[in-house]
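Reading through the structure tokens given below for one structure.
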Amino acid sequence: MMCPYCNHDETKVIDSRAHQQFTIRRRRACLSCDRRFTTLEKIEESTLKVIKKDGSRVPFARENIRTGLEKACYKRPIGDAEIQRIISKVESEIYGEYEKEVPSRFIGELVFNELREIDQVAFVRFASVYREFKDVNDFVEELEPMLSDRKRKSSP
């Protein structure tokens, strides 16, 4: 690591700690000028590709998950922290399961299952796009398990 002050190429690490997921914060000191500086090191992962429904492959972008979640959660009582938690959980599961390519269907199912647990309206909104409902019957088929589950819980 080069010193940003004197460009000397030898530094020592004084302190290291986890900063965020997949990021390490290091406090360093230059062996030449003795000035201190901080670096953030991010683990470089191989580019994960998403296999779309049409067979095309695009780079994985967590922003695409965020966009879908924000549309599904529009005007719902779901905060940004909850959306971020879902994105992080989905991303962790993706990287835990796949190395180079992941089907878009797998990503959709993960998001689908997370939304089912936190908000039924957001779940239905996401499902309508993700499952490509063609008519009202498709909605009813998706809602039937939720409605029957609700009836079982409310009846004595």
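The values are calculated or read from the model by the stated rules, or taken from the named source; none is laboratory data. These numbers were taken from a predicted model, which means no experiment stands behind them. Using ideal geometry, Cβ is built from the backbone for each residue, glycine included, and neighbour counts are taken over all protein chains shown.
Structure notes:
- Applying the condition of being surrounded by 14 or more Cβ atoms within 10 Å (Cβ to Cβ) and small (Gly, Ala, Ser) to the range 33-86 and asking which residue is farthest from residue 121 (Cα to Cα) yields 68.
- Residues of the range 35-93 that are acidic (Asp, Glu) and touching a strand residue (DSSP E or B) at 6+ places or on another chain (Cβ under 7 Å): 41 alone.
- Among residues of the range 19-60, those that are among the small types (Gly, Ala, Ser) and either touching a Cys at 6+ places or on another chain (Cβ under 8 Å) or more than 30 Å from residue 108 (Cα to Cα) (or both), counted: 2
- Within the range 94-146, if we keep just the residues that are at pLDDT 85 or above and among the polar types (S, T, N, Q), the residue that is farthest from residue 59 (Cα to Cα) turns out to be 120.
- Residues that are in contact (Cβ under 8 Å) with a residue 24 or more places away in the chain and of a type outside the set (A, V, I, L, M, F, W, C) were ranked within the range 50-73; the one that is farthest from residue 128 (Cα to Cα) is 57.
- Single residue of the range 29-88 satisfying the filter (β-branched (Val, Ile, Thr) and outside any helix (DSSP H, G or I)) that is farthest from the chain's Cα centre (by Cα): 38
- A single member of 90, 129, 102, 121 is closer than 23 Å to residue 20 by Cα and among the hydrophobic types (A, V, I, L, M, F, W, C), and it is 90.
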